[in-house]
1. Can we say B:VAL339 is touching a Ser or Thr at 6+ places or on another chain (Cβ under 8 Å), among the β-branched types (Val, Ile, Thr) and assigned by TED's automatic domain parsing to the domain that holds B:MET373?
2. Which number in (1) part of a loop (DSSP other than H, G, I, E, B); (2) more than 14 Å from every other protein chain (Cβ to nearest Cβ); (3) among the aliphatic types (A, V, I, L, M) marks the one condition that A:ALA63 misses?
3. Can you list the strands (runs of 3 or more DSSP E) found entirely within segment B:276-323 that contain at least 1 residues being of a type in the set (Phe, Trp, Tyr)?
4. Filter segment B:215-248 for residues that are more than 10 Å from chain A (Cβ to nearest Cβ) and of a type in the set (Phe, Trp, Tyr); which is nearest to B:LYS158 (Cα to Cα)?
5. In segment B:1-19, how many residues are closer than 11 Å to B:VAL105 by Cα and surrounded by fewer than 24 Cβ atoms within 10 Å (Cβ to Cβ)?
6. On the basis of being touching a Lys or Arg at 6+ places or on another chain (Cβ under 7 Å), surrounded by fewer than 20 Cβ atoms within 10 Å (Cβ to Cβ), outside the structural domain of B:MET270 (by TED's automatic domain parsing) and acidic (Asp, Glu), does B:ASP180 make the cut?
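The values are calculated or read from the model by the stated rules, or taken from the named source; none is laboratory data. Fair warning: this is a prediction, and the values are worked out from it, not measured in the lab. Heads up, the Cβs are rebuilt from the backbone with ideal geometry, glycines too, and the neighbour counts pull from every protein chain shown.
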Amino acid sequence: MVFKSVNEYPEAPITLGTTLSNFTGDWRTFMPVVDESKCVRCYICWKFCPEPAIYIKEDGYVAVDYDYCKGCGICANECPTKAISMVREEK
Amino acid sequence: MPKKVVSGNYAAAYAAKHARVEVVAAYPITPQTSIIEKIAEFIANGEVENLQYVPVESEHSAMAACIGASATGARAFTATSAQGLALMHEMLHWAAGARLPIVMVDVNRAMAPPWSVWDDQTDSLAQRDTGWMQFYAENNQEVYDGVLMAFKIAEHEKVNLPVMIVESAFILSHTYDVVDMPEQEEIDEFLPPRKPLYTLTDFENPFSVGALGTPADYYEFRYKIAGAMEEAKKVIKEVGREFGERFGRDYSQMIELYRTDDAEIVFMGMGSLMGTVKEAVDMLRSEGYKVGAAKVRWFRPFPKEELYELAKNVEGIAVLDRNFSFGQEGILFNEAKGVLYNTDARPIMKNYIVGLGGRDLTVNDVKAIAKNMKEIIEKDELDREVEWYHLKR
């Protein structure tokens, strides 16, 4: 939730709702982008993602949940085929 | 109105009972222990209903348990002294930051080393920037009244900040005096049940308290606390006036003035030593000295408007600090000078460091200080800004 004025804030530092409504994806500077032509479906990225924000689609390839991915880049670093690249995000 | 002869600590315990506190989490430390022992006794004797006592393994945990209890909407209370208060330090920021109206009695005790159990204000004043309000009691009655008012002020919808009621080691904590205690029904009218800002037991609308505040949000929450402290000044005066109307003891002034109307020299200080100062003021007046006393009841929020009104009409202020900030000066002196800098009030101000670690400040000491101040004013020149008054030279 983004507040524009001090008057919009709650009086105490409470988090309204849970992480179901409070996304952490906006912390990200670089976003991981998966190139399926290089992906060998080894799922190492899926194992290493600390969030976890990588999920396996029905076709067996991996995808990133950008609502929660904080852009740490561990997936791109671990990928043995360099199928994941970190791309600077324009906001 | 029923009267009891009680120690300062028992006055605090009775006030907590009469305020109908719901959770007490505490750890023993001299000279505070008899407060929480008395509360445990109330429970053992079946004198209180709906009071949960949480024995914990440290003061840090005591405050943590009070924070948890207060976040569910309960009225929470604890007490500590010196090293125990220092161990709570991290949690004190937490209580204020989460906007929880916890009330704690701190029995002023000197910080070690060397080990001491005697009176000294440096323990509580070292917690100055935690976001807690601080009230310094002069006598046992003020300990009792202070705790009752503290809950009403802390829980006020415009405040929601914790309060520390501060009393002197042994001089008040273990010394017996007559204390007026209103009937329970009268207190219940003055202090209705708490209406919390939030309750963690709202299971239909789950939320978390004190989660991450990024640089985009942290700043605004600090501003809210600063604003609540400013509001607290008005609330303190309102509640102090209401207390006076109901129970006959008025606390609408954050600085209590004693014979200051035509005073040239005013003694300023906090806590039990101001009782001695008032006695000395009476004696000095009978000897022809135009002196008065200004007892700073509330150190946070600091009553700077009241101090200015006083300072613009006097020639000299002797600030008596039973505390010291190493590398600078007495803490109240430092605050008071700072308040007056951007004003046109320019009395001569001198800092007397007195009573550290329970060293007695007597009526004769105060009279000697008055004579020193009179000389300074006549010469219009400070001999020294900070004087270690009792020092064996």
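1. It is false that B:VAL339 is touching a Ser or Thr at 6+ places or on another chain (Cβ under 8 Å), among the β-branched types (Val, Ile, Thr) and assigned by TED's automatic domain parsing to the domain that holds B:MET373.
2. All conditions pass for A:ALA63, except number (1).
3. So the answer is B:298-300.
4. The selected residue is B:PHE243.
5. 0
6. Spelling it out, B:ASP180 is indeed touching a Lys or Arg at 6+ places or on another chain (Cβ under 7 Å), surrounded by fewer than 20 Cβ atoms within 10 Å (Cβ to Cβ), outside the structural domain of B:MET270 (by TED's automatic domain parsing) and acidic (Asp, Glu).
Each row is one residue, and each column tells you yes or no for (1) hydrophobic (A, V, I, L, M, F, W, C); (2) closer than 23 Å to B:ASP360 by Cβ; (3) modelled with pLDDT of 95 or more; (4) not assigned by TED's automatic domain parsing to the domain that holds B:ILE348.
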| residue | (1), (2), (3), (4) |
| --- | --- |
| B:ASP262 | no, no, yes, no |
| B:ILE265 | yes, yes, yes, no |
| B:LYS278 | no, yes, yes, no |
| B:VAL281 | yes, yes, yes, no |
| B:GLU287 | no, yes, yes, no |
| B:PHE299 | yes, yes, yes, no |
| B:ARG322 | no, yes, yes, no |
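Every residue, every condition in (1) free of Cβ contacts under 8 Å to residues at least 40 places away in the same chain; (2) within 25 Å of B:GLY275 (Cβ to Cβ); (3) of a type in the set (A, V, I, L, M), yes or no:
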position: B:GLU309; (1), (2), (3): yes, yes, no
position: B:PHE324; (1), (2), (3): no, yes, no
position: B:ASP344; (1), (2), (3): yes, no, no
position: B:MET349; (1), (2), (3): yes, yes, yes
position: B:VAL386; (1), (2), (3): no, yes, yes
